[in-house]
Amino acid sequence: MDTSLIANKKNQINIVLNENKHRRSYVQSSEHRFRTHPFTHIDQKFTSFIGLTKLKKMVKQIYAAHVINQKRQDIGLMKTDQVLHMLFKGNPGTGKTTVARKLAQIYLELGLLEKGQFIEAERADLVGEYIGQTAQKTRNLIQKSLGGVLFIDEAYSLGRGGDKDFGKEAIDTLVKQMEDHQNEFVLILAGYPREMERFLLLNPGLKSRFPFVIDFEDYSTEELFKIAQTQLAKREYRLTTDAEDVLKAAIRKQRGCENFSNGRYIRNLIEKAIRMQAVRLLATETYDNPENLMYITVDDLNMRM
């Protein structure tokens, strides 16, 4: 059983227990999978993820190094532990949080993590209100993360208070703990690209602690359209042919706007279109036909009421 801890907006860490039913069978069959096709299972884990080519290659490299390390140890050669701390840089809606959660699950199944818990934290979970409190809060959070993943989104917020703010103390403590427990947990810091670059300058040893830096690029029009189709299919909805054209045009237009939210834009658009379809069907009393219940039309996407 693996555990997820997610800090909510009220600075309370929620604990979620997730039973991992397949871990034992996965470990038992890993040798067979490596002999047949070493990366098939990793490809399957990322089937629902659009794009992220660099990330998928990175996970395969980490897995391959782990397997070969085990082979080396079996014949008496030195085993080299991997440091898996990561930086995620990307605009809103590019999947940083979703990927971090998925990695905690995958690393547990691959045997790279002992427990696999996922702890999602924010500034308030690390920074205290008086001298000495910040370092203790940060160390406590690291202790809870040992054997799993600690994910800090908008990590640059730790440095927003200036020299007199305790956020700098949290950063310094993180750097120290990353060195002391470098192979015992995975720290993932995430945020917007420009802000993260400035954040890395706050401590001379910070950037070098992260061997993996993943740039989450904005999705292309085609990728966003595929994401929309996937989200609709999960809900058993489809787009009419005209609606497909309208959606593609809307995506192309919105991608050029400042602060475009990528996958979040698609999610919000789809959810609103589903509500608009419901209003249309009720108003026209055309909900007895299964086909009508499934299809999203141009009117639904235009969101006119």
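Sequentially through region 147-157, phi angles give Karplus couplings (6.51, -1.76, 1.60; θ = phi - 60°) of x, x, 10, 10, 10, 10, 7, 6, 4, 5, 5 Hz, Gly and Pro residues having no value and appearing as x.
In region 221-302, one over the average inverse separation of all distinct C-alpha pairs is 13.0 Å, which is the Kirkwood hydrodynamic radius.
Taking only DSSP H segments of four or more residues, each worth -39500 (n - 2.57), what value at 222 nm results for the chain once the sum is divided by all its residues, to the nearest 500 deg cm²/dmol? Could the numbers behind the result be given before it?
On the way: 13 runs with 155 residues, N = 305.
Value at 222 nm, helices only: -15500 deg cm²/dmol.
Simple spin-label estimate for Lys253 and Glu195 gives 2.9 nm between the two label positions (7 Å along the Cα-to-Cβ direction from each Cα). Between Ala283 and Lys226, what's the calculated FRET efficiency when r is the beta-carbon distance and R0 is 35 Å? Round to 0.05. FRET efficiency, Ala283 to Lys226: 0.65. GNM remark for the chain: springs join alpha carbons under 10 Å apart, and the peak mean-square fluctuation among Tyr63, Tyr287, Tyr156 falls on Tyr287. Residue exposure proxy: Met86, Met178, ordered by other Cβ atoms within 10 angstrom of their Cβ from fewest to most, comes out as Met178, Met86.
Considering only Cα-Cα distances, which of the following residue pairs are longer than 32 Å: Lys54/Lys253; Lys71/Lys137; Lys102/Lys272; Lys102/Lys176; Lys176/Lys226? From the list (Lys54/Lys253; Lys71/Lys137; Lys102/Lys272; Lys102/Lys176; Lys176/Lys226), the Cα-Cα distance tops 32 Å for Lys71/Lys137; Lys176/Lys226. Which one of Ile171, Ile266, Ile75 has the biggest mean-square fluctuation once the chain is modelled by GNM with Cα springs under 10 Å? Highest fluctuation among the options: Ile75.
With N the number of residues in the chain, Rg(Cα) / (2.2 N^0.38 Å) evaluates to 1.16. Determine the shape class of region 82-205: with a ≥ b ≥ c the square roots of the Cα gyration tensor eigenvalues, call it rounded for a/c under 1.5, and otherwise prolate if a/b is greater than b/c, oblate otherwise. Here region 82-205 falls in the oblate category. Taking H placed 1.01 Å from N in the peptide plane, check which residues at least 5 places from Phe212 or on another chain put their amide H under 5 Å from its amide H. Amide H neighbours of Phe212, under 5 Å, 5+ apart: Leu87.
No value in this document is a laboratory result; all are computed from the given coordinates. Keep in mind that this is a model prediction, so the values were computed, not measured. When we count neighbours, we look across all protein chains shown, and the Cβ atoms used for this are built from the backbone with ideal geometry, even at glycine.
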